[in-house]
Amino acid sequence: MFQHNRLSSELTFFQKIKNLDYILLFSILLLCVISVFVMYSTDGGQILYHTKSHFIKLLIFFPLMIVISLFNIKFWHTTSYFFYFVIILLLIWVSIYGLKASGSQRWINLYFIVLQPSELMKIGVILCLAKFYHRTKIDDVNSLMNIIVGLTIIVVPIILVLAQPDLGTSILIASSGLIILWLGGVKIKYFFISFVTFLISLPFIISFLKPYQKLRILTFLDPDRDPLGAGYQIIQSKIAIGSGGLGGKGFLKGTQSYLDFLPEKHTDFIFTLFSEEFGFFGSIVLLLIYTIIIIRIIRIGVISRSNFAKLFCFGFAFAIFIYIVVNLSMVLGLLPIVGSPLPIMSYGGSSMMATMIGFGIIFSAKINHKQTIS
């Protein structure tokens, strides 16, 4: 074991590059290229603000992903708690001094980027819980104290994110955290008890929702109750996706988006635009790329020797899956509109940064998959 650890830590730069998962790397790169063309379409077939900004962010964050992958997986294990607490401090900072826009206070102006710390917490909570359960003995996982600690790691950032308010991101953070609890060995009965408790307290929770959040739930249940107001987005999204048919209307020929019927087409509704232009077959290809990415991440988790790397890989794979499912369900009218970006495809610097950091740690796990962590 010692020899494996020593050899893994002494990998040369070229050995690390050789050990990258090139199927995963190519799939991510392909997704980046597709996202640039789709963003170009959202700008009406011109290289305008969103296209330029999205392309520049890819030029920054894709190399950042490679740099992060070159760090030993032990580094991410060592710094997990620190990473988590720094983001907690950033969330507290946002609640006091953050930028306000559209009734929300979610951002910090760092001049070179307007940072949304809640996006980074999607990675932070997985890292923190992966380290916590890596060190927790299987016999102690279901002790009251360990369950309370695990839930606290999840609940604290959720409270801070809900205060912004940002219901969508808080749901995604909760989903990512809960899967790590399950993978860590927490018994199913505790999830069942929690779910029943949640259902019982749902009326109480709804009473604390903002008016626009309640309206989104009502709109989800009946979009036609306000077709020109709250239900407009989802109605137009369904029309656009349906009009794409099997083969789509063609690149730069999406009428719903070009005639500005489709709001937020560069962020939450990017899949709607893509589906209208490339149709059912194009959508299947896009989902196939995401499927390959998720499968490769799971494979890296399977071959990793350290429990920390396994937990992070499985947790991040599930997180990517949930982000995709929530976004697609949202634009298809299967879930209320909660504000969930499609990984890499949607416009947004903080979301892309968090996703690329996550991928970087995954590549780090692959490069150091023979290494154990005590």
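The values are calculated or read from the model by the stated rules, or taken from the named source; none is laboratory data. For clarity, every value in this text was computed on a predicted model and none was experimentally measured. Reconstructed Cβ throughout: ideal geometry from the backbone, glycine too, with neighbour counts over all protein chains shown. Protein only, heavy atoms only, side chains kept; ligands, DNA and RNA dropped before computing areas. Shrake-Rupley method; radii C 1.70, N 1.55, O 1.52, S 1.80 Å.
Results, tabulated for the structure shown:
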read-out	value
Index of the failed condition, residue 312 passing every other in (1) at pLDDT 95 or above; (2) within 12 Å of the chain's Cα centre (by Cα); (3) aromatic (Phe, Trp, Tyr)	(2)
Residue ID - nearest to residue 179 (Cα to Cα), chosen from residues in region 320-342 that are touching a Leu at 6+ places or on another chain (Cβ under 7 Å) and part of a helix (DSSP H, G or I)	322
Residue within region 352-365 that is surrounded by fewer than 21 Cβ atoms within 10 Å (Cβ to Cβ) and in contact with a Gly (Cβ under 8 Å, 6 or more places away or on another chain) present	no
Members of region 9-34 that are open to solvent by less than 80 Å² (accessible area, probe 1.4 Å) and either touching a His at 6+ places or on another chain (Cβ under 7 Å) or among the charged types (D, E, K, R) (or both)	16, 21
Region 44-65 residues that are at positive phi, paired with ones that are part of a loop (DSSP other than H, G, I, E, B) (beta carbon under 9 Å, 6 or more apart)	44/252; 45/251; 45/252
Number of positions in region 151-173 that are closer than 20 Å to residue 342 by Cα, open to solvent by 10 Å² or more (accessible area, probe 1.4 Å) and either at pLDDT 90 or above or of a type in the set (Val, Ile, Thr) (or both)	1
